[in-house]
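The values are calculated or read from the model by the stated rules, or taken from the named source; none is laboratory data. Just so you know, these numbers come straight off a predicted model, no measurement behind them. Cβ placement follows ideal geometry from the backbone for every residue including glycine, while neighbour counts extend to all protein chains displayed. Note: areas computed on protein heavy atoms with side chains; ligands, DNA, RNA excluded. Shrake-Rupley method; radii C 1.70, N 1.55, O 1.52, S 1.80 Å.
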Amino acid sequence: MSVVPVRLTIRAAGDGDIAAITAIYNHLVRHSTAVWDDVEVDEADRAQWVAARHGDGFPVLVAIDAGGALVGYASYGVWRARSGYRHTVEHSVHVREDRRGAGIGAALLQALIDHARAQGLHAMVGGIEAGNLPSIALHRKLGFASVGHLPEVGTKFGRWLDLVFMRITLGEHAAPD
């Protein structure tokens with residue numbers, strides 16, 4: 001079981017979480033380079049995203065604080081569409097702006113790692129904007145290693161963005177199928 005900050009519950013996302021997930025996502029669209037999108041989404045979009053993840057057998061987890069507020073969410077899904085990548089997933093973790101730095105992201109990421117290990121997956125990848133030093137440090141703390149740096153592959157807010165890839169091996173496995 002993963003270590004969770006005191007007074008924080010991590011559970012599977014449900015229909016009642018869609019509004020809060022949408023609000024966190026749209027805040028990132030407007031104010032952050034954590035999401036490389038310029039277009040906000042509506043609740044129907046996020047509900048479809050959650051349903052698609054669940055339909056593909058992937059988790060969408062939410063962090064709920066002691067007051068019952070959703071303060072972050074996380075998921076993983078297909079790394080690449082080709083079958084040769086089937087043992088690797090790519091994750092995302094997003095924490096509400098006013099709750100960052102309190103261990104919520106670490107708890108969500110650890111829960112994703114635990115879930116992926118339980119599914120028998122081999123590797124997890126994260127793509128992080130190179131200037132997001134807190135996220136890079138968090139990933140290192142949880143065992144991820146930097147495996148690539150792609151300069152100027154994205155853009156937002158009128159500037160080029162670099163992408164850092166980080167990876168963790170989820171366990172020792174026999175030769176893949």
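Annotations
- Between segment 19-49 and segment 102-157, the Cα center-to-center distance that results, in Å: 19
- Once the mean of 1/r is taken over each pair of separate Cα atoms and inverted, the chain shows a Kirkwood hydrodynamic radius of 16.8 Å.
- Applying the Karplus relation 6.51 cos²θ - 1.76 cosθ + 1.60 with θ = phi - 60° to segment 50-65 yields 3J(HN,Hα) values of 4, 4, 5, 4, 4, x, 8, x, 9, x, 10, 10, 10, 9, 10, 7 Hz, where x marks Gly and Pro.
- For segment 116-177, the convex hull spanned by the alpha carbon atoms encloses 107 Å³ per residue.
- Note, ³J(HN,Hα) from phi for segment 26-38, Karplus 6.51, -1.76, 1.60, rounded to Hz, x at Gly and Pro: 5, 4, 5, 4, 6, 10, 9, 9, 6, 10, 8, 9, 9
- ALA44 paired with THR9, simple spin-label distance in nm, labels 7 Å along Cα-to-beta-carbon: 3.1
- Antiparallel content of DSSP bridges confined to segment 66-135, in %, to 5: 70
- Ratio Rg/Rh, restricted to segment 1-78 and using Cα atoms, in which Rh is the Kirkwood radius: 0.97
- Put simply, the amide H of LEU163, placed in the peptide plane, has neighbours under 5 Å in ALA130, LEU150, GLU152, VAL153, leaving out anything fewer than 5 places away on its chain.
- Portion, in percent, of the accessible area of segment 87-156 that falls on carbon or sulfur, probe 1.4 Å: 54
- Shape descriptor for segment 52-129: Rg over Rh equals 1.00 (Cα atoms; Rh from the Kirkwood inverse mean 1/r).
- Residues in segment 1-77 average 50 Å² of solvent-accessible surface per residue, probe 1.4 Å, ligands and nucleic acids excluded.
- Seen from ASP17, the other residues with C-beta closer than 12 Å to its C-beta sum to a net charge of 0, counting Lys and Arg as +1 and Asp and Glu as -1.
- For segment 56-100, the mean projected area of the C-alpha convex hull, equal to one quarter of the hull surface, is 4.0 nm².
- Ranked packing of 153-161, 61-69, most packed first, by mean Cβ within 10 Å: 61-69, 153-161
- Per-residue Karplus couplings for segment 67-76, computed as 6.51 cos²θ - 1.76 cosθ + 1.60 with θ equal to phi - 60°, are listed in order as x, x, 8, 6, 10, x, 8, 8, 7, 9 Hz, Gly and Pro entered as x.
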